[in-house]
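So the structure is just underneath, and the comments pick up after that.
Please treat every number below as a calculation from the coordinates, not as lab data. Since the structure is predicted, the reported quantities are computational estimates derived from the model, not experimental observations. Cβ sites come from the backbone with ideal geometry, for glycine too, and all protein chains shown count toward neighbours.
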Amino acid sequence: MYTMSTSDFSVHTRDCDEVGSGMPISDLPDEVTSLDDLECECWSGFDSFEEIA
Ligand SMILES: [Zn+2]
């Protein structure tokens with residue numbers, strides 16, 4: 001389960017403090033194909049994209 005920001009549509013972990021108001025999503029959007037697409041600090045705990053997807 002992830003959180004998508006309703007302001008800029010960036011994707012965050014469910015526990016992210018930065019995202020503010022967001023909507024829960026169960027799958028990563030198709031546009032997200034690597035860790036580079038996930039710019040928020042909340043993803044820093046992940047070493048590889050495979051851990052997330
Ligand atoms: Zn975040």
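Things worth noting here:
- With at most 14 other Cβ atoms within 10 Å, longest stretch of the chain clear of loop chymotrypsin sites (Phe, Trp or Tyr not before Pro) (DSSP): 10-45
- Here the chain is treated with +1 on each Lys and Arg Cβ and -1 on each Asp and Glu Cβ, and its dipole about the Cα centre works out to around 240 debye.
- Whole-number D in µm²/s for the chain (Stokes-Einstein; Kirkwood sum over Cα pairs; 25 °C, 0.890 mPa s): 223 µm²/s
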